[in-house]
Amino acid sequence: MKLEKQEIQQGGEGINRRDFLKGAAVSGAAALAAGAFAGCAPQDSSTSAGEDGLAATGNVTGNEWGSFDENGKFTPSFLVDPEPIPDDAIVEEFDAEIVVVGFGLTGLSAAREAVEEGADVFVIEKGDTHHVHSHQFHAINSQAQKDAGYEIPEEEIDALVEQVMGDHRERVDRRMWSYLLHHCGEDFDWYLSACPHTIVNPNETVGETNLDAYALINNCTAGLAAIVGRYFDDVSEERMEAVRAGEPYVVPFNKPLNPHWDFSNERYPMSAGVVQVEPTHAKVGEAVAKLVEEKARVNYASWAKRLVQDETGRVTGVIYADIDDNLYKVNASKGVILATGDYAANQQMIQYYMPRVLEDGEWLGWPDTDAKGDVTNIGEGLQMAHWVGVRTDNCHAFPNDHYGGSLGCNPMLFVDGSGERFMNEDVTGEILGEKVTRVNGRCIWQVFDDNYPDQISHMPVGHRCYWQVVDNFDDIPMGLFLDPIGMITRSEVEAMTPCICDSIEELAAAMEVPADTLKATIDRYNELCEKGVDEDFGKRADRMSPVKQPPFYAAKMPTLGYQTFYGSVCCDYNMHAIDMDNKPIPGLYVGGTIMGSRFWHIYPNTTMGMNHAGALCYGRLAAKNAVAGI
């Protein structure tokens, strides 16, 4: 096969997640930056509350941001309690047992579980259809994993829970994470059961499989060649369309594993429990939506406006509007489940909760629009919850995982914009994504020499790490091919490396760093490699690779773009929204991206695909508990 040739800068400035391109109606981050949604969320404006108090896009100035009370406490305008909606404004009233607000992955899971439990379900969704994105799920011991021979014993899952708690310094709810990691596989299988699918043997190579692997990966990496380098320009559109027309492919990710890898011996270990649904899980979502539509009242082009409470404080229903702004009320005898997503399109909320995103990287906005053509994910679920007394989580997180350099996140020699080494390079992509904002020049260079094929055998099983160089793409197992990881070809490395030079002086010139500084850095690093001890930063000896054999390589890691934010509404491990005293608010449940209480400022690579797994598992759990009255 012919690899696409192009001049590219590894890291893909302005793009940090495949999810962005998979879900967007545009072909890349540049379209967003150029104002693809200029009418919805201008780059030079922020977001304010609309006439009904809910978040809306538009310019804000001066005191529209919020106000301070007499004690100096600031309240942003989007959290100010709105005027109540009078009863005579409601044109019609409905009754149900379970009301689900939002019909993305969390809402799909919640609504499906509730109807399968026999409940009377009412769904409110402001789009004209459901919404799902991307492709990776954490799915420990799912059927696809078991079929491929990868089954994790319970004690290892417990060890993974312990690692996640350590990642968050025990500040999150262990019960919440334990439930997720012990149930994500079975819930993933339940999700897939709604749709015919093909389980791919991850150990079978591209040359051995009967699948059209090259057409499949082109669907996976379209628009992302600058990041992953694996796109083939001689695959016809007809072949790619044939793949899209077929069943979704379910592939255990990062399999086979590096035989030298040991989870317990990693500084920042990553679970091997991820499964991909390729090219995306859109067909699965569509099948679940149809299943729910057959058994529940699904109201598209409907905008939730308020949660309704009775005199005891129990949430008893939702007021919503149709596309003509007529108001309706639906009563929920068993519970309301908020599955409204995050606030990725709301610059005011980002500035309030996550200001470093706007300062340290590029805000990408959000690609989805509602039935009126307005951008979604503006945080109205957070607002509605706040207005009924729910505690708002102030420890928000976002996916900051970097794709690394041309050898991915392999811990080769890293230098900053001055040519100096500055860290123990043996870290995960999410640490690199943060680190790049804090170093000289706001960039990291991955530097290595031409012996790299012999130097990477002991590299970690991490987010886009490689441990073997192969001659041909046909030699790569499917579990390492479709979302490039583990094995790589020389042609890919060369295509993704902007600086390949015969001398250190030439390399420094290409990198635009001082030659004497870079040379001194490399000399010191080589000295430490020969000693077998990293006296400067403590990197393990088997990942210390000298830089001696020309040609020399340098791949740049720039700052990232950000799009998704985790943590809004605090909840307990039973998915109840909680009040300022951390007590459950009766009748109100949450699930998915809107959930707080599960991340403490970071989204660790320890458990990749965890947001999708959380949307699936927690949405389902919320419905189970709501139906059962738990």
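The values are calculated or read from the model by the stated rules, or taken from the named source; none is laboratory data. Here the structure is a predicted model, which is why all the values come from computation and not from measurement. Cβ sites come from the backbone with ideal geometry, for glycine too, and all protein chains shown count toward neighbours. Side chains included, ligands, DNA and RNA excluded: accessible areas come from the protein's heavy atoms. Shrake-Rupley method; radii C 1.70, N 1.55, O 1.52, S 1.80 Å.
E125 exposes around 10 Å² of accessible area when a 1.4 Å probe is run over every protein chain in place. When the Cα positions of P82, V627, H576 are compared along the charge dipole of the chain, H576 comes out farthest toward the positive end, with charges on each C-beta of Lys, Arg, Asp and Glu. Projecting the Cα positions of H260, L181, N218 onto the charge dipole of segment 165-263 (unit charges on Cβ atoms of Lys, Arg, Asp and Glu, taken about the Cα centre) puts L181 furthest along the positive direction. With all protein chains in place and a 1.4 Å probe, the accessible surface of segment 324-396 carries 38 percent carbon and sulfur.
Based on DSSP H segments of at least four residues, each scored -39500 (n - 2.57), the chain has a per-residue ellipticity at 222 nm of -8000 deg cm²/dmol.
Projecting the Cα atoms of V533, A520, T437 onto the charge dipole of segment 424-538 (Cβ charges, centred on the Cα centre) puts T437 farthest toward the positive pole.
Estimated from the Cβ-Cβ distance and a Förster radius of 35 angstrom, the FRET efficiency linking M580 and R442 is about 0.35. Compared with the alpha-carbon gap, the fully stretched path from E359 to R244 is longer by 37.6 nm at 0.36 nm per residue. Assuming charge only on the beta carbon of Lys and Arg (+1) and of Asp and Glu (-1), the dipole of segment 206-329 about its Cα centre is about 560 debye to the nearest 20. Backbone amide hydrogens, once placed in the peptide plane, bring V123 within less than 5 Å of V100, R297, V298, N299, excluding anything fewer than 5 places away on its chain. In this structure, the amide hydrogen of I585, modeled 1.01 Å from its nitrogen in the peptide plane, lies closer than 5 angstrom to those of A577, I578, D579, counting only residues at least 5 positions away or on a different chain.
Straightening the chain between E186 and D516 buys 113.2 nm, computed as 0.36 nm per residue apart minus the Cα-Cα spacing.
With a Förster radius of 45 Å applied to the beta-carbon distance between R169 and D234, the computed FRET efficiency rounds to 0.35.
Each label was represented as a point 7 Å from its Cα along the Cα-to-Cβ direction; for E294 and E505 these points are 7.4 nm apart.
Entry note: segment 133-173 has Rg to Rh equal to 1.08, where both radii use alpha-carbon atoms and Rh is the Kirkwood radius. So for segment 277-316, Kirkwood radius off the Cα pairs, Stokes-Einstein at 10 °C and 1.306 mPa s: how many µm² s⁻¹? Estimated diffusion coefficient is 120 µm²/s. With all protein chains in place and ligands, DNA and RNA left out, the 1.4 Å accessible area ranks F414, F94 as F94, F414, largest first. Karplus-derived 3J(HN,Hα) values for segment 361-378, using 6.51 cos²θ - 1.76 cosθ + 1.60 with θ = phi - 60°, are x, 10, 7, 9, x, 9, x, 7, 10, 8, 5, 9, x, 8, 5, 9, 6, 10 Hz; glycine and proline are entered as x. Surface listing: D483, D158 arranged by accessible area from highest to lowest gives D158, D483, probe 1.4 Å. Listed by chain and number, the lysines whose C-alpha is less than 26 Å from the C-alpha of K126, apart from same-chain residues fewer than 8 away, are K22, K283, K290, K295, K305, K329, K334, K372, K624. How far apart, in nm, are two points set 7 Å out from the Cα along the Cα-to-Cβ line at I630 and at N331? Those two pseudo-labels are separated by 2.7 nm. Accessible surface area normalised per residue over the chain is 37 Å², counting heavy atoms of protein chains with a 1.4 Å rolling probe. With N counted as the residues of the chain, its alpha-carbon radius of gyration over 2.2 N^0.38 Å works out to 0.97.
Just the protein heavy atoms count here, and of the accessible area of segment 412-503 at 1.4 Å, carbon and sulfur take up 38 percent.
Computed from the alpha carbon positions, the gyration tensor of segment 524-613 leads to an equivalent ellipsoid with semi-axes of 47, 16, 10 Å, biggest first.
Amide H contacts for G317 (H built 1.01 Å from N in the peptide plane; partners 5 or more residues away or on another chain; cut-off under 5 Å): V308, A332. FRET efficiency for the N210 to R490 pair, using the beta carbon distance and R₀ = 30 Å, is estimated at 0.65.
With all pairs of different C-alpha atoms in the average, the Kirkwood value for the hydrodynamic radius of segment 268-418 is 19.5 Å. In this Cβ point-charge picture (+1 for Lys and Arg, -1 for Asp and Glu), the chain has a dipole of about 520 debye about its Cα centre. Directionally averaged projected area (segment 519-570, Cα convex hull): 7.0 nm².
If only the Cβ of Lys and Arg carry +1 and only the Cβ of Asp and Glu carry -1, the dipole of segment 381-514 around its Cα centre is close to 820 debye.
Positive contributions from Lys and Arg (+1) and negative ones from Asp and Glu (-1), summed over other residues with Cβ under 13 Å from the Cβ of G441, come out at +1.
In sequence order, segment 97-110 has phi-based couplings of 8, 10, 10, 10, 9, x, 10, x, 4, 5, x, 4, 5, 5 Hz under the Karplus curve 6.51 cos²θ - 1.76 cosθ + 1.60, θ = phi - 60°, and Gly or Pro positions carry x.
Here segment 211-308 exposes an accessible surface that is 51 percent carbon and sulfur, computed with a 1.4 Å probe and the other protein chains kept in place. Taking each residue as 0.36 nm, the span from A541 to D474 lengthens on full extension beyond its C-alpha to C-alpha distance by 20.9 nm. Residue by residue, segment 316-324 carries 3J(HN,Hα) couplings of 10, x, 9, 9, 9, 10, 8, 5, 9 Hz when phi is fed to the Karplus relation 6.51 cos²θ - 1.76 cosθ + 1.60 (θ = phi - 60°); x denotes Gly or Pro. The candidates K73, K283, arranged from most to least accessible area with a 1.4 Å probe in the full protein assembly, appear as K73, K283. Only lysines eight or more places from K556 in sequence, or on another chain, were considered; those with a Cα closer than 22 Å are K5, K435, K519, K539, K548.
With one equal scatterer per alpha carbon and no solvent term, the Debye-computed log10 I(q)/I(0) for segment 122-195 at 0.11, 0.13, 0.27 1/Å reads -0.40, -0.54, -1.21.
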